[in-house]
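Reviewing the structure listed below.
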Amino acid sequence: MTTPALVSRLPAVGTTVFTQMSALAFDHGAVNLGQGFPDFDCDPKLVDHVNDAMRAGHNQYPFMTGVPALRAAIAAKLEARYGRRYDSAAEITVTAGATQGIITAILCSVHPGDEVIVIEPAYDSYLPSIQLAGGVAVPVAMRVNEQGYSVPWDQVAASVSARTRMIVINTPHNPTGSILRQADLAALAAIVDNTNILVLSDEVYEHMVFDGEPHASVATHPVLAERAFVVSSFGKTYHVTGWKVGYVAAPAALTAEFRKVHQYNVFTVNTPMQHGIAAYMADPAPYLGLAAFYQKKRDLFRAGLAGSRFTLLPSDGTYFQCVRYDAISSLSEAEFAKWLTVEAKVAAIPVSAFYGTPKESGIVRFCFAKKDETLQLALERLARL
């Protein structure tokens, strides 16, 4: 028998660099500072809440839009943090992680031939999602120097055309660890005001902003909030990346279109997890304390690299640290990341992998969402280079 031929919708897509580097780290006994997930457990109280929900019989389909108690808790948090009141019934949808929220927002908004401006380096799901929608990605590269990464808003404005449907932003930013500030939001608002351009704002690291800086959510800006899908993730906030529970907040008209796609690409999300998270959110302390928790780890990691031959770039948010390695090697980023994993026994991710067309800057990304002893072991190995 002959297997039927299939024309790929994503011919350029293979196994992600995260999977590749994690496998390489496993094979060579390397400390995995590549893929962005914690190696420590979540709060046992959160697990207890989920167990209570299962024992209480919350094991069948919930509402397609999400458990009402969780949507209400999300709305209350958004209002308290960012000053915008989203209607929990009509403007908040619980998703199977942020990635599902992102692709759903793109599929419901972008038609074949529409252009989507993407700030690069960018989280790897953006470009395939745009391609699946039939859209055309228009990349704009961030500037990078010793002060770190920044968005060139003049170039974003110059990239807008009559076909521009959406601009995708991410703050705090993966992979660079940079953040947007109110001046950035004002620059973006000036570009999209009085247009039909939508904004997709990936804010999964919203509670990991350091050094006393506030998180500049698009929800805080009236012009942007009225045209934005705001995406976040409980996996990042509560150290449960494997649960894949997130949410999207958007004005009612956008949410109505979002839910048309949502109900057919996932329909609904794990019921007991939703009830457990809703109960856990009654206490805001865990997410309010997250910035201090990760800043301590960031500072430990940066202090450990301070005497090394790596050049540290700023890390203002997320749980990622980017470094230049030109004093150590002239290898490409991908080859250096492999060498580092095999020879130094520490895995990192090449930042070039976050571009549609790989762009070499001599920078790799480490994840410091690890136990202190994991970080210390990695630092001991990296200090030898």
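Scanning segment 240-280 for residues that are under 22 Å from VAL199 (Cα atoms) and surrounded by fewer than 19 Cβ atoms within 10 Å (Cβ to Cβ) yields PRO251, ALA252, ALA253, ALA256, GLU257, ARG259, LYS260, VAL261, GLN263, ASN265. Here is the figure for segment 226-257: residues that are outside any loop (DSSP other than H, G, I, E, B), hydrophobic (A, V, I, L, M, F, W, C) and within 19 Å of the chain's Cα centre (by Cα) total 8. Taking the conditions exactly as written (assigned by TED's automatic domain parsing to the domain that holds GLY246, of a type in the set (A, V, I, L, M), touching a Gly at 6+ places or on another chain (Cβ under 7 Å) and modelled with pLDDT of 95 or more), does VAL261 satisfy them or not? Answer is no for this residue. Would you check which residues across segment 337-367 are over 17 Å from LEU379 (Cβ atoms) and in a strand (DSSP E or B) and list them? If the condition is that a residue be over 17 Å from LEU379 (Cβ atoms) and in a strand (DSSP E or B), then ILE349, PRO350, ILE363 are the ones that fit.
Screening segment 204-220 for residues that are closer than 14 Å to TYR86 by Cβ and not hydrophobic (A, V, I, L, M, F, W, C) and picking the one that is surrounded by the most Cβ atoms within 10 Å (Cβ to Cβ) gives SER217. Exactly one residue among ALA303, ALA334, ALA291 is under 16 Å from GLU360 (Cβ atoms) and part of a helix (DSSP H, G or I), and that residue is ALA334. Could you please find all residues in segment 57-84 being touching a residue at least 60 places away in the same chain (Cβ under 8 Å) and in a loop (DSSP other than H, G, I, E, B)? Selection gives HIS58, ASN59, GLN60, TYR61, PRO62, PHE63, MET64, THR65, GLY66, VAL67, GLY83, ARG84. Summed over segment 2-23, the residues that are outside any helix (DSSP H, G or I) and over 17 Å from VAL351 (Cβ atoms) give a count of 14.
Scanning segment 24-56 for residues that are in contact with a Phe, Trp or Tyr (Cβ under 6 Å, 6 or more places away or on another chain), in a loop (DSSP other than H, G, I, E, B) and farther than 17 Å from CYS367 by Cα yields a single hit, CYS42. For segment 152-166, check the following and say yes or no: at least one residue is of a type outside the set (Phe, Trp, Tyr) and either at positive phi or modelled with pLDDT under 95 (or both). No, segment 152-166 contains no residue that is of a type outside the set (Phe, Trp, Tyr) and either at positive phi or modelled with pLDDT under 95 (or both).
ILE106 satisfies every condition listed in (1) at pLDDT below 95; (2) crowded, with 23+ Cβ neighbours inside 10 Å except (1).
The listed residues are VAL323, VAL342, and the only one of them that is of a type in the set (A, V, I, L, M, F, W, C), in contact (Cβ under 8 Å) with a residue 12 or more places away in the chain and within 22 Å of ASN174 (Cα to Cα) turns out to be VAL323.
For segment 258-288, a residue qualifies if it is within 23 Å of ASP87 (Cα to Cα), assigned to a helix (DSSP H, G or I) and without any contact (Cβ under 8 Å) to a residue 60 or more places away in the chain, and exactly one does: TYR264.
Restricted to segment 371-385, and to residues there that are of a type outside the set (A, V, I, L, M) and under 26 Å from the mean Cα position of the chain (by Cα), the residue that is surrounded by the most Cβ atoms within 10 Å (Cβ to Cβ) is THR374.
The values are calculated or read from the model by the stated rules, or taken from the named source; none is laboratory data. Quantities reported herein were computed from a predicted structural model and do not represent experimental measurements. Heads up, the Cβs are rebuilt from the backbone with ideal geometry, glycines too, and the neighbour counts pull from every protein chain shown.
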